[in-house]
Amino acid sequence: MTADNSLHNGGLRTVVVPAAGLGTRFLPATKTVPKELLPVVDTPGIELIAREAAQAGASRMAVVTAPRKQGIMAYFDRDELLESTLESRGKTAQLEKVQAVNTLVDAVAVNQDRPLGLGHAVGCAESALDDDEDCFAVLLPDDLVLPFGVLNEMLEVRRRFGGTVLCGFEVPEDEVSNYGVFDLEETDDSAGSQVRKVRGMVEKPDAEDAPSTVVAAGRYLLDRTIFDALRRIEPGKGGELQLTDAIELLIEEGHPVHVFIHQGGRHDLGNPGGYIRACVDFALNDDTYGPSLRQWLGNRLSADAVSHAEVPAE
Ligand code: UTP
């Protein structure tokens, strides 16, 4: 069993990354390529998540995978032939890129045989935690929360209030109906404008029924009691266990649940529209690809541009 000091200073040891979903919004690509391996410029989303986990001080990443998505764990294996070939050819920069993922976190696989929902996926990860870990984080790999650092803020909220800490974003009122929306109240001390107590959550409400304009993001700092709550909730539609139902149960039973309202950006890598934005955003910041992309986009967006990007549908 791993022994480190992270928990003794209120830190984080394990992040759970549920990656066993079907990825239907990204078909046909996800028929064979897990969406977590699709590259943002040249780096798979799952490696960006590993970087975020390492930055928050986590040493272990429990990746929940499905039998048909074994490529995700293969990404964390060393490829000695590739590495020695790059080395002998003097391709140092490429070698460093290939090796980087192995220095971040210790990735361990957790199997979810059938896609029975996010709550079920998180429940599968219980055995990956050490006995003395009383909290862990869940990072949804298709939700890039930027800039990195929100987990550190959430850990600070847990140090102050205990319990479970969620991550939220303010959105314009006319966008709330696309998201899970928090029902919030002020905290009972001066925790600052970015922390609220959570009373509940409403999934995709009409704008006029929304309890707030703070919506849920894919970062959770969960108290270990979540596993017990997951065992006590009923499956919803499609037999899926919802993580939010287990969190609601904890709230009903008086367990403290707070949200940290992140003031940054996010990209949804789970659908082509969000993924393309992420690629463009990251590529524009890239020294190699940024300048020419910027120029090309300028030309492409001009009124008289002609597109050649048409291929037959079948
Ligand atoms: P999503 O619903 O966003 O992802 O689940 P999905 O099911 O892969 O994609 P679509 O909706 O069919 O396009 C949120 C996260 O939870 C994981 C997914 O892999 C994703 O990272 N998940 C979901 C599981 O690990 N197991 C499940 O049973 C369901």
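The values are calculated or read from the model by the stated rules, or taken from the named source; none is laboratory data. From a predicted model like this one, the values you see are computed outputs, not experimental measurements. Don't worry about glycine lacking a Cβ; one is built from the backbone with ideal geometry, like all the others, and counts go over all protein chains shown. Quick note on the areas: whole protein, heavy atoms, side chains included, nothing else; ligands and nucleic acids left out. Shrake-Rupley method; radii C 1.70, N 1.55, O 1.52, S 1.80 Å.
General observations
- Using 0.36 nm per residue and subtracting the Cα-Cα separation, the extra length available between Asp42 and Glu240 on full extension is 67.9 nm.
- Derived scalar couplings ³J(HN,Hα) [the range 216-233; Karplus, 6.51 cos²θ - 1.76 cosθ + 1.60; whole Hz; x for Gly, Pro]: 7, 10, x, 10, 9, 10, 9, 6, 4, 4, 4, 5, 5, 5, 4, 6, 9, 8
- Placing R0 at 41 angstrom, the Cβ-Cβ distance between Gln70 and Glu185 gives a FRET efficiency of 0.35 after rounding to 0.05.
- Placed amide H near Cys167: partners under 5 Å, 5+ positions off or other chain: Ala217, Arg219, Phe260
- Solvent-accessible heavy-atom area per residue, rounded to whole Å², over the range 79-192 at 1.4 Å: 50
- Residues Ile276 and Ser84, FRET efficiency given R0 of 25 Å [Cβ-Cβ distance, rounded to 0.05]: 0.10
- Its alpha carbons give the range 109-157 an Rg and a Dmax of 13.0, 35 Å.
- Evaluated over the chain, the count of Lys pairs having alpha-carbon atoms less than 25 Å apart is 9 (only pairs 8 or more residues apart or interchain).
- Listed values for the range 252-260 are Karplus-derived 3J(HN,Hα) couplings in whole Hz (6.51 cos²θ - 1.76 cosθ + 1.60, θ = phi - 60°), namely 4, 8, x, 6, x, 10, 10, 10, 9, and x replaces Gly and Pro.
- Dimensionless Rg/Rh of the range 123-182 - Kirkwood Rh, Rg from C-alpha atoms: 1.02
- Rough spin-label spacing in nm, given labels placed 7 Å along Cα→Cβ, for Leu146 and Leu22: 3.0
- Extension gain for Ala109-Glu156 works out to 14.1 nm (0.36 nm per residue, less the C-alpha to C-alpha distance).
- The trypsin sites (Lys or Arg not before Pro) found in the range 268-314 include none that occupy coil by DSSP while having at most 16 further C-beta atoms within 10 Å.
- For the chain, the carbon plus sulfur part of the accessible surface works out to 50%, probe radius 1.4 Å.
- Most mobile of Leu241, Leu284, Leu22 in a GNM of the chain (Cα contacts under 10 Å): Leu284
- Residues considered: Ala53, Ala109, Ala29. Largest GNM mean-square fluctuation over the chain, using C-alpha springs under 10 Å, is found at Ala29.
- Vicinal HN-Hα couplings computed from phi for the range 54-66 (Karplus, 6.51 cos²θ - 1.76 cosθ + 1.60; Hz; Gly/Pro x): 5, 5, 7, x, 6, 10, 10, 10, 8, 9, 7, 10, 10
- GNM flexibility winner over the chain from Gly119, Gly71, Gly238 (Cα, springs under 10 Å): Gly238
- Cut-off 20 Å, label 7 Å out along Cα→Cβ of Arg199, residues of the range 172-187 by amide N: 173, 176-177, 179-187
- A simple spin-label model places the labels of His255 and Asp304 6.4 nm from each other, with each point 7 Å out along Cα-to-Cβ.
- Between Ala313 and Asp287, the modelled labels are 4.5 nm apart [label points 7 Å from Cα along Cα→Cβ].
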